[in-house]
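These notes are about the structure you will find just below.
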Amino acid sequence: MELMRSQNTFINEKNSLKLFALVLAAGESSRMGTPKQLLEYGGVSFLCRAIEGFVHAGIDDIVVVCGHEFDRMKEHVMNASYSISGEEIKNRVLIARNPDYKKGQLSSIKAGLKAFGQKKAVDFYMGFMIQLIDRPLVRYETFKNLKDRFIKNDCSILLPSYNLKRGHPACFSTEFAGEILSLGDDDSLKTILKRHESRIKYLETDDEGILKNIDTPLEFEKIKGVRDVD
């Protein structure tokens with residue numbers, strides 16, 4: 001089944017309460033000077049922490065979008081240790097290549113949606129969650145709380161909030177997939193949020209990790225002494 005029935009119309013039957021997930025891990029980490037994906041927090045790489053968050057949330061379909069050093073990232077994902085077996089990870093995880101990763105985050109979201117749509121009937125999913133690998137402090141329980149709230153309240157867009165500041169992971173109804181794919185190079189995910197501000201709901205949390213980007217060596221040094229969040 002195609003991801004879209006027409007160029008701008010996304011099929012949204014919502015015949016399932018399932019969500020799929022996108023892990024955005026395609027960047028060059030230019031400010032860090034070394035691949036952020038492979039840096040570790042709590043003994044787990046930033047990249048695998050995002051995957052584990054979705055595993056703990058009970059999400060069966062996880063798309064990991066890679067770009068820079070694609071083969072190295074793919075090997076890391078498939079050979080790392082998780083809370084579930086390697087065989088189950090292989091069944092749950094789809095590695096998607098983003099050849100346009102230098103265009104930014106939106107290009108990775110599009111690559112992930114397209115890759116998943118070629119494998120699964122996306123229209124049978126209620127929604128999808130997006131996580132950035134540069135927020136390793138997000139608690140695993142936050143992933144699950146967001147997923148559960150999204151399903152329970154049948155939200156269009158659900159974002160976590162800490163002290164009235166919104167962060168990630170972010171949840172979107174599948175109705176937005178076609179609109180996201182139609183965005184131009186000058187747009188971003190914020191374009192969708194601005195267009196549909198009235199449809200956004202928030203999950204207030206005490207998890208400050210939803211806000212903390214780790215993009216530079218100094219930021220990484222600061223979190224080394226932070227107690228493990230999980």
- What number of residues in the stretch 97-124 are touching a strand residue (DSSP E or B) at 6+ places or on another chain (Cβ under 6 Å), within 23 Å of residue 167 (Cα to Cα) and either among the hydrophobic types (A, V, I, L, M, F, W, C) or surrounded by 23 or more Cβ atoms within 10 Å (Cβ to Cβ) (or both)? 3
- Note on the structure: Residues in the stretch 22-32 that are buried (at least 24 other Cβ atoms within 10 Å of the Cβ) and either β-branched (Val, Ile, Thr) or in contact with a Pro (Cβ under 8 Å, 6 or more places away or on another chain) (or both) total 1
- Looking at (1) among the basic types (Lys, Arg); (2) more than 25 Å from residue 30 (Cα to Cα); (3) more than 17 Å from the chain's Cα centre (by Cα), can you tell me which one residue 222 breaks? (2)
- Task: Considering each residue of the stretch 31-70, count those that are assigned to a helix (DSSP H, G or I) and polar (S, T, N, Q), and give that number.
- Result: 1
- Item | Number of the condition not met by residue 133 [criteria: (1) in contact with a Leu (Cβ under 6 Å, 6 or more places away or on another chain); (2) farther than 26 Å from residue 66 by Cβ; (3) surrounded by 21 or more Cβ atoms within 10 Å (Cβ to Cβ); (4) not polar (S, T, N, Q)] | (2)
- Query: Within the bounds of the stretch 43-58, is there any residue that is farther than 27 Å from residue 221 by Cβ, in contact with a strand residue (DSSP E or B) (Cβ under 7 Å, 6 or more places away or on another chain) and crowded, with 21+ Cβ neighbours inside 10 Å?
  - Reply: yes
- Item | the stretch 144-171 - residue that is out of contact with any Leu (no Cβ under 8 Å at 6 or more places or on another chain) and among the hydrophobic types (A, V, I, L, M, F, W, C) and, of those, nearest to residue 59 (Cα to Cα) | 155
- Note on the structure: Pairs returned, first residue in the stretch 188-200 that is closer than 23 Å to residue 104 by Cα and touching a residue at least 60 places away in the same chain (Cβ under 8 Å), second residue that is part of a helix (DSSP H, G or I) and not hydroxyl-bearing (Ser, Thr, Tyr), beta-carbon separation under 9 angstrom, 6 or more apart or interchain, are 188/105; 188/106; 189/105; 189/106; 189/109; 189/180
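Values quoted throughout were computed directly from the atomic coordinates according to the rules given, and no laboratory measurement underlies them. What you see is a predicted model; the values in this text were computed from it and never measured. Please note: Cβ atoms are built from the backbone with ideal geometry, for glycine as well, and neighbour counts cover all protein chains shown.
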